[in-house]
Amino acid sequence: MLRSLKNYPRFLLCLLAGFSAMPLSLLAGHLLLMSLYHASSASHHHQPVNIRHFPRPGELTHLLSTNFTDYELLLQYLSLENDDSWKPRYLISRSVLGLNKRNSSLNYTWPVKRVAVVEGDIILGGLMMVHEREDTQICGPIMPQGGIQALECMLYTIDWVNNQKDFLPGITLGGYILDDCDKDTYGLEQAVDFIKGSIRNIDDGTYRCPDGSSPVIRQKIISGVLGAASSVTSIQVANLLRLFKIPQVSFFSTSPELSNKQRFEYFLRTVPSDTNQAQAMVEIVKILNWTYVSILYEESTYGIKAFNVLEERLAQNNICIAVKEKLTKDSGVASERVYDKIVRKLLSKQRARGVIIFGSDQEVAGVMRAVKRNNVTGYFSWIGSDGWSARALVFDGNEPQVEGTLSVQPRAHVVEGFDDYFLGLNVKNNQRNPWFIEYWEQYFQCKWINSTVTPYNQNYDKFCSGDEVMTYSNGYEPERQLQFVSDAVLSFAYAFRDMHQNLCGGKPGLCQGMNPIDGTELLKYMYKVHFTGLSKDEFEFSKNGDGPARYNIIHFKQIKPRSYQWVRVGEYRDGQLTLNLSQIQFRLYEKAMPLSVCSDPCEKGQAKKFVEGENCCWHCFNCTKYQVLLSETQCVECPLGFLPDHNHEDCIAIPELYMSPDSYWAIGALAFSTTGISVTVFVILVFIRYNDTPVVRASGRELSYVLLAGVLMCYGMTYILVQKPTNFICGAQKAGIGLCFAVVYSALLTKTNRIARIFKAGKRSARRPSFISPKSQLVICGALISVQISITTVWLAFTPPRAIYHYPTREDNHVVCAASINASYMVAFAYPITLTLICTVYAILTRKIPEAFNESKYIGFTMYTTCIIWLAFVPIYFSTAEHVALNVTTMSVAISLSSTVTLVCLFTPKLYILLLHPEKNIRQSMMPQNKYGTLKNNILIVSSSARVESATQSDDYEMNEKLHSFYTSVTRISCATQTSNESSTEFQPNHAD
């Protein structure tokens with residue numbers, strides 16, 4: 001036999017490979033066969049056999065029953081470890097068995113197609129993500145949470161339905177569950193099993209037996225399908241199941257594309273669409289005040305559709321995307337170098353610290369490993385989608401990198417009783433799940449006896465006993481979203497119940513109307529289901545076949561050093577986000593929120609100048625002193641009368657500045673004017689009281705009253721000037737200022753003109769001048785006043801009075817009369833000034849008349865003083881234009897002073913005689929002797945028969961008497977050299993007007 005074996009070494013190696021799945025005890029037998037072959041070969045070539053201990057037949061039985069946990073121990077047992085001739089064969093055996101390197105390719109079929117079957121009257125198909133996706137192989141490692149736990153939750157819920165008495169009377173719910181390995185192509189291949197039992201629905205006449213009868217279809221008829229987990233796989237499977245009218249309910253697929261009922265008529269899901277999830281992420285970004293973020297999204301329908309929604313919603317909220325990168329998924333599995341490149345791309349935008357990741361756990365785990373390799377742990381803050389957050393595959397071993405993540409998870413509560421159910425499973429009592437052994441091996445890192453060889457269970461150094469127990473303390477991490485799996489099963493169950501009640505009348509068992517079940521009819525019932533699931537949440541499908549839009553906001557934080565935990569910090573429901581910021585902690589002992597902005601916000605009063613090509617990057621510049629922000633990029637000047645507020649956001653009206661009667665300036669001016677009015681009224685009363693006395697009569701009563709009325713008007717102007725300007729007040733000022741002066745100086749001009757004409761006429765002849773009577777004087781005075789009235793009327797007609805806002809400086813807002821801000825008031829003053837100048841000229845011309853005509857002296861003094869006042873007033877008035885109160889006060893005081901000078905100079909002497917020396921209120925000579933009584937050479941002796949204290953204008957009688965005396969004296973003075981006969985002749989005055 002040994003000699004024959006030497007001719008078949010390759011056969012033995014192949015035999016070894018075929019039994020590579022056996023435990024080490026059986027492998028020892030193969031090695032013994034190899035040792036026999038080696039001994040035979042050595043004997044044939046006459047070489048010594050270097051075997052210190054060769055097992056006898058009895059020992060061989062013991063050897064084969066011994067579990068060797070290490071191949072070197074086996075060799076040591078055989079005492080072959082020092083034989084160099086064994087090494088090539090030993091290495092060959094290890095290479096064949098795939099033991100020389102981790103996850104090396106094995107010479108076996110992987111994966112082996114398996115099905116989890118639960119017998120029942122109505123069968124639900126299940127397409128679970130039992131294994132992870134792997135690029136070099138069809139399937140990757142077992143997926144504990146989203147795979148095995150989701151599968152067991154489906155089985156658990158099926159058991160719950162079957163255990164409910166009379167829920168489905170006489171009917172049991174079964175399952176037919178396959179693995180899609182998280183690949184759309186492989187999942188579609190597996191899903192073909194779901195339609196095999198429905199192929200007869202296409203055309204029964206297509207298939208016929210030789211005898212003409214229809215063939216008996218023994219495939220299980222699938223009434224509905226749960227899954228897939230991945231959106232891209234669900235899209236592929238939905239297109240297939242739609243052809244056979246098989247309703248499909250996914251529990252994890254959230255792509256917005258699946259809401260399109262024109263394409264996916266038979267697709268429903270218990271989770272909400274990612275459109276809601278994307279909006280929730282945007283709301284989180286807004287609350288965190290991030291304006292510059294990066295987005296990583298997986299290369300699948302799930303990621304691409306979500307990214308499109310995110311991009312749109314972020315733009316609507318003026319949030320910019322710094323970096324947008326795809327995570328390889330559909331086209332394979334990315335290498336670690338690709339993830340390093342993505343991290344470096346994120347680092348190129350250093351101010352974009354916030355990153356939204358819309359992907360699956362396997363891809364995001366690669367990102368976190370790259371973050372760790374590039375030593376940027378803690379640099380980024382993540383906003384996660386439901387596809388990867390709270391998944392142990394991502395955060396287990398990457399806790400510092402994942403720390404601070406805020407994630408949006410469809411709100412799901414614990415499925416009642418499931419954890420106890422799952423923790424009670426083991427490889428001995430869970431025979432219906434064909435992948436549970438793989439899960440068990442991975443969980444406890446051991447090899448189950450006689451289990452299928454996989455690329456992942458050959459690295460375990462110990463065997464599983466089957467008595468291990470899963471606990472939270474030794475690594476059990478429950479899947480948080482199993483509610484959606486349970487609700488998917490229950491949505492079918494409640495639809496079957498309602499359908500059975502309507503079609504079968506509640507009779508136990510399947511009636512003809514439900515055998516087989518019509519998928520189109522079943523779909524109608526599913527849209528109507530409304531129930532409370534095992535998680536105690538109410539459930540119903542939306543009109544698009546989506547689950548309720550309810551999300552939990554969960555946060556991965558470090559509770560204490562090296563202790564991490566996912567905690568719930570808020571919720572998003574019906575478009576409203578509620579977030580408890582006090583519970584959010586992006587880094588341990590750091591409460592401050594991270595910033596993710598391209599440019600810091602501009603300070604108040606600053607505008608933005610955007611960087612070319614960037615919407616979220618800008619430079620800040622200050623608005624000028626008098627500008628406000630019209631928009632975030634433009635400053636505009638405030639209009640006149642307005643100043644910017646402290647923040648340069650609004651223009652605030654400058655308080656109006658105008659003369660107010662209650663101001664100190666106005667009170668002073670009003671006190672002065674009131675005193676003047678009181679004195680003027682007193683003078684008027686005194687004159688009325690002594691109206692017929694010689695002093696009053698001699699002063700020219702008519703013009704004196706006109707003069708006092710003008711003085712009274714001047715004082716009264718102060719009351720108009722201190723009022724808040726309005727159109728009416730401005731009109732009163734324009735008319736009154738010139739008119740009051742015109743009245744005063746018209747009366748004074750009439751007086752001085754009459755005196756001047758009398759003396760001028762007296763020098764030429766003895767004829768009395770015309771128009772010197774009181775009535776004539778009033779007519780002349782009125783004519784002079786009417787000129788001012790005419791000027792004012794024309795002025796008001798062409799430039800109507802207006803109260804306006806005046807801005808002497810940028811920070812002033814004066815309410816003034818339009819005529820007061822320029823030289824317009826000179827129109828009102830022009831004529832009175834002319835009268836004043838003429839009066840002054842006449843006062844100068846009559847300054848040397850006899851003392852009996854001394855009122856001209858007082859008029860002259862009045863005019864001189866008035867000129868001085870107005871010469872001082874004009875520069876003061878125009879230099880104080882910016883100070884409204886001072887400006888108005890200057891004008892009112894100037895007017896009052898002018899009237900005061902007139903009142904004091906012209907009326908004080910008369911009041912002195914009338915009130916203090918009434919004995920002098922008599923007629924007396926026009927030329928007292930002390931001055932004119934003795935002339936040179938004793939030529940003239942004036943008669944004292946008619947004396948008057950003041951000889952100017954009076955009644956006709958008095959004036960005639962004065963003029964008679966005056967002309968007599970003048971004639972006698974002029975004829976002093978003539979004879980005594982001539983000198984004795986008296987001049988007879990002409991009494992004609």
Practice problem: Mind telling me which of the residues Gly187, Gly227, Gly175, Gly197 ends up being touching a Lys or Arg at 6+ places or on another chain (Cβ under 8 Å) and either crowded, with 20+ Cβ neighbours inside 10 Å or at pLDDT 80 or above (or both)? | Solution: Gly197
Self-check item: Test: residue in the stretch 487-500 that is open to solvent by 40 Å² or more (accessible area, probe 1.4 Å), under 47 Å from the mean Cα position of the chain (by Cα) and either farther than 15 Å from Phe531 by Cβ or aromatic (Phe, Trp, Tyr) (or both)
Solution: no
Exercise. Go through the stretch 769-787 and give me each residue that's in a loop (DSSP other than H, G, I, E, B) and either among the β-branched types (Val, Ile, Thr) or open to solvent by 30 Å² or more (accessible area, probe 1.4 Å) (or both).
Key: Ser770, Phe771, Ile772
Exercise. Take the stretch 273-292 and flag every residue that is over 20 Å from Pro256 (Cβ atoms), open to solvent by less than 30 Å² (accessible area, probe 1.4 Å) and either in contact with a strand residue (DSSP E or B) (Cβ under 6 Å, 6 or more places away or on another chain) or in a helix (DSSP H, G or I) (or both).
Key: Trp290, Tyr292
Practice problem: Identify, by number, the condition in (1) in contact with a Phe, Trp or Tyr (Cβ under 8 Å, 6 or more places away or on another chain); (2) within 22 Å of Arg114 (Cα to Cα) that Val529 doesn't meet. | Solution: (2)
Practice problem: Tell me, yes or no, whether the stretch 726-735 has at least one residue that is assigned to a helix (DSSP H, G or I), modelled with pLDDT under 85 and surrounded by fewer than 19 Cβ atoms within 10 Å (Cβ to Cβ). | Solution: no
Quiz prompt | Residues of the stretch 530-548 satisfying the condition of being more than 36 Å from the chain's Cα centre (by Cα) and open to solvent by 20 Å² or more (accessible area, probe 1.4 Å) | solution = His530, Thr532, Lys536, Glu538, Glu540
Quiz item: Take the residues of the stretch 549-594 that are part of a strand (DSSP E or B) and basic (Lys, Arg): which is surrounded by the most Cβ atoms within 10 Å (Cβ to Cβ)?
Solution: Lys557
Quiz item: without any contact (Cβ under 8 Å) to a residue 12 or more places away in the chain, under 26 Å from Phe264 (Cβ atoms) and not small (Gly, Ala, Ser), is that true of Glu538?
Solution: yes
Exercise. Considering each of Cys616, Cys598, Cys602, Cys623 in turn, give the residue that is closer than 30 Å to His814 by Cβ and surrounded by 16 or more Cβ atoms within 10 Å (Cβ to Cβ).
Key: Cys623
Quiz item: Considering only residues of the stretch 118-142 that are touching a Lys or Arg at 6+ places or on another chain (Cβ under 9 Å) and closer than 23 Å to Gly417 by Cβ, which is most open to solvent (accessible area, probe 1.4 Å)?
Solution: Val118
Quiz item: Which members of the stretch 671-691 meet the condition of being open to solvent by 30 Å² or more (accessible area, probe 1.4 Å) and over 14 Å from Lys910 (Cβ atoms)?
Solution: Ala671, Phe672, Thr674, Thr675, Ile677, Ser678, Val681
Exercise. Quickly run through the stretch 421-433 and pick out the residues that are part of a loop (DSSP other than H, G, I, E, B) and more than 26 Å from Ser231 (Cβ to Cβ).
Key: Gly424, Leu425, Asn426, Val427, Lys428, Asn429, Asn430, Gln431, Arg432
Quiz item: Taking the stretch 752-794 on its own, how many of its residues are of a type outside the set (Ser, Thr, Tyr), more than 19 Å from Val706 (Cα to Cα) and modelled with pLDDT under 85?
Solution: 13
Quiz item: When you scan the stretch 146-167, how many residues do you find that are farther than 23 Å from Phe194 by Cα and surrounded by 20 or more Cβ atoms within 10 Å (Cβ to Cβ)?
Solution: 1
Quiz item: If the Cβ limit is 9 Å and pairs must be 6+ apart or interchain, which residue in the stretch 806-824 that is touching a residue at least 60 places away in the same chain (Cβ under 8 Å) and over 13 Å from Met659 (Cα atoms) pairs with which residue that is basic (Lys, Arg) and open to solvent by 40 Å² or more (accessible area, probe 1.4 Å)?
Solution: Arg810/Lys625; Ala818/Arg802; Ala819/Arg802
Practice problem: Pairs only if they're at least six apart or on different chains, beta carbon under 8 angstrom, first in the stretch 499-528 and outside any helix (DSSP H, G or I), second of a type in the set (Phe, Trp, Tyr); list them, first residue then second. | Solution: Ile517/Phe496
Quiz item: Which of the residues belonging to the stretch 141-188 are part of a helix (DSSP H, G or I) and among the aromatic types (Phe, Trp, Tyr)?
Solution: Tyr156, Trp160, Tyr186
Quiz item: What strands (runs of 3 or more DSSP E) completely inside the stretch 305-420 contain at least 2 residues that are open to solvent by 20 Å² or more (accessible area, probe 1.4 Å)?
Solution: 320-327
Exercise. Mind telling me which of the residues Thr301, Thr270, Thr254 ends up being among the β-branched types (Val, Ile, Thr), over 30 Å from Asn580 (Cβ atoms), surrounded by 22 or more Cβ atoms within 10 Å (Cβ to Cβ) and in contact (Cβ under 8 Å) with a residue 24 or more places away in the chain?
Key: Thr301
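The values are calculated or read from the model by the stated rules, or taken from the named source; none is laboratory data. What you see is a predicted model; the values in this text were computed from it and never measured. Backbone-built Cβ (ideal geometry, glycine too); neighbour counts: all protein chains shown. Surface accessibility is based on the protein's heavy atoms, side chains included, excluding ligands, DNA and RNA. Shrake-Rupley method; radii C 1.70, N 1.55, O 1.52, S 1.80 Å.
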